Structures are given as C-alpha cells and as structure tokens.
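The values are calculated or read from the model by the stated rules, or taken from the named source; none is laboratory data. Small disclaimer: the values here were computed from a predicted structure and weren't measured. Using ideal geometry, Cβ is built from the backbone for each residue, glycine included, and neighbour counts are taken over all protein chains shown. We work out accessible area using only protein heavy atoms, side chains counted, and drop any ligands, DNA or RNA first. Shrake-Rupley method; radii C 1.70, N 1.55, O 1.52, S 1.80 Å.
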Amino acid sequence: MTTSALRAADAKDAPGTSDSGSGSGSGRAARLRLELRAVHALVHRDLLRLAGQRVHTALLLLHPVLYLLVLGGGLAALIPRSSLGVDYRTYLFPGMLMMTVQTPAVMVGIRLITDRESGYLRELLMAPVGRSTLLLGKCAGGTLAATVQGAVLLGLAGVVGLPYDPLLLATLLAGMVLASFTITALALALAVTLRRAETFHTLLGVVMMPLLFLSGGFFPLDALPGWAGTLAGANPLAYAVDLLRRCVAHHVPGGHGTPGIAWAGRQPPLLLEAALLLTSGVLALLWAARRFSRPE
C-alpha cells in the first residue's frame with residue numbers, strides 16, 4: 001500500500017512531467033513534495049500499526065506500569081524519602097517513561113530487518129524516492145509511535161505524586177520525543193548493519209538491559225562503582241533519564257537532591273544534555289543513511 005502510494009505520487013509530481021517552460025525550481029519543489037509524501041506514508045503506516053495492535057501496545061505498557069506500581073510501591077516503604085529527596089515512586093517515574101519509549105523505538109530496527117527478510121523492503125526501495133528519505137520516514141514513524149506510548153504513561157503522574165502541571169507534562173513530552181528519536185536512530189544504525197533478526201534480538205538482550213540499569217532509572221548513579229559510573233557517562237539512556245528527572249525536579253520539592261550524570265563532580269547544564277542527545281541521534285541517523293544508501 002505504501003509503495004503504491006509513492007508510485008502514484010511520482011506519476012503526479014515527477015519533475016519530468018512538468019511543462020517545458022517550468023524552471024528547475026519547480027522541479028525541485030515537486031521532488032521535495034514527493035520526498036515528504038514518502039515520509040508521511042511511512043509515518044502513517046506506523047500509526048496504523050500502533051492503532052491496529054491494541055493488545056500488543058497494552059502489553060508493552062503493562063511492563064513499566066507494573067514496575068512503577070508494584071516495585072515502586074514496595075520499595076517506597078523500604079527506601080527512606082530522605083535518601084532520595086522524593087518518594088521512590090516519584091524517583092522511578094522518569095526511568096519508567098524511558099522504559100516505555102525504549103521498546104517501541106527499538107522495534108523499528110527489528111521491523112527494518114524483518115522487512116528485508118520478507119522482501120517488503122525490496123519493494124519499498126523501488127519507490128521513486130531516495131533511500132535516505134525512506135530511512136527518515138521509518139525514524140519519524142518510530143519516534144512518534146514511541147512518544148505516543150510514553151504519553152499514555154504520563155496519565156499516572158498523579159499516582160506518583162506529580163502535579164498535572166501543563167508545563168511539566170509538556171517538558172516531559174518534549175524529553176520523550178528527544179529520547180525516542182535518539183533510541184530509534186541508534187536502533188536503525190544497528191539494523192542496517194545486521195542481516196538477521198535473531199542476531200539483533202540477541203544483541204539487544206545483551207546490551208539493552210545493562211544500558212537501562214546504567215541509566216539511573218532505578219537507583220542513583222552516584223551509588224555505582226567508579227567503573228560503572230564511567231560507563232554511565234557514555235550511556236545515551238542515562239542522559240535521557242537525567243533530562244526527564246531534572247524536569248521533574250523543578251516541580252517537586254526536594255527533587256534536586258538526586259544527582260544524575262556528573263562530569264568531574266558537576267552536573268552538565270540541562271540544555272547541554274539535550275544537545276548531546278540530539279547530536280547522538282542525528283549522527284546515528286546520518287551514519288545509518290550512509291550505510292543504507294549502499295546497494296543491497
């Protein structure tokens with residue numbers, strides 16, 4: 001369906017079909033419209049999949065919800081509030097937001113590999129658009145789908161003691177968009193390198209859980225051994241969790257008592273953490289696009 005839509009758009013907007021009097025500017029505009037339609041078609045495909053797999057989406061949300069309510073509720077009675085500055089469920093909430101967006105973002109890479117194995121990717125590559133455009137569409141669709149699922153978990157903000165402040169919810173949503181984009185881009189960069197879904201799944205099982213535990217989502221990073229703290233400093237998930245937690249800290253009394261990422265004993269500025277996340281995602285996407293542009 002997506003490939004057919006792209007071919008139809010090409011028949012309508014191809015630069016070669018314009019009048020002879022048209023300049024090169026109109027040809028570039030037609031080409032741009034075609035590329036944007038390709039991105040829109042791929043994003044629409046991911047949203048249709050999200051809407052059509054409601055049970056699957058609910059199961060993905062169940063995991064962080066159980067962590068938040070069961071694990072968070074149990075440990076909240078054991079971990080004194082004074083050690084974290086906030087209730088443990090409040091402390092855990094940014095990590096669960098990250099867990100919520102992580103899974104659908106990573107699944108974009110898995111779908112790219114399965115599309116290649118099923119032959120769908122070969123049909124998609126026949127569309128009259130650039131390969132980089134197709135990869136951008138997959139990244140945009142994965143980012144949006146992951147953010148939508150994370151936004152659902154924001155409904156539990158009041159359960160963990162957070163106010164339903166529009167500014168707080170907006171900043172958390174923006175942080176999830178940034179984190180979803182970075183994780184999706186990294187997953188695509190990995191997927192264009194690997195050829196088998198089994199290898200991708202195995203690598204994720206080895207890498208993703210340590211990255212999640214080294215993100216500071218479950219416990220403060222300053223409680224880790226020195227070598228683990230160094231690894232956390234190179235972990236994109238740690239910057240994403242720290243970004244969300246510092247947004248929460250501005251709206252919760254005592255929330256500033258839980259340090260996250262530290263460089264030489266000092267926390268980097270909030271905007272610098274956001275810039276590092278964005279840069280990591282852009283570089284991963286550019287590398288994936290370069291690798292993806294090679295002939296199969």
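Okay, helix-only estimate at 222 nm for the chain: each DSSP H run of n ≥ 4 adds -39500 (n - 2.57), divide by all residues, round to 500 deg cm²/dmol; what do you get?
Numbers: 13 runs with 210 residues, N = 296.
Rounded to the nearest 500, it is -23500 deg cm²/dmol.
The value of relative contact order for the chain, using C-alpha pairs under 8 Å at least six residues apart, is 22 percent.
Remark: spin-label model distance Met209-His251 equals 3.3 nm, labels positioned 7 Å along the Cα→Cβ axis. Label separation (Val70 vs Arg49): 2.8 nm, computed from points 7 Å beyond Cα along the C-beta direction.
Counting 0.36 nm for each residue step from Thr199 to Ala228 and taking away their Cα separation leaves a gain of 7.8 nm.
Rounded to the nearest 20 debye, the dipole magnitude of the chain is 540 debye, with +1 charges on Lys and Arg beta carbons, -1 on Asp and Glu beta carbons, and the Cα centre as origin.
List residues of the range 211-255, by number, whose backbone nitrogen lies under 17 Å from a label position 7 Å along Cα→C-beta of Leu283. Within reach of a label on Leu283: 231-240. List the DSSP H helices in the chain whose Cα atoms stretch 15 Å or more along the helix axis and whose mean Kyte-Doolittle hydropathy is at least 0.0. Helix filter hits for the chain: 24-52, 54-66, 88-118, 131-153, 166-191, 197-213, 236-249, 270-292. Across the accessible surface of the chain, with the other protein chains kept in place and a 1.4 Å probe, carbon and sulfur atoms take up 67 percent.
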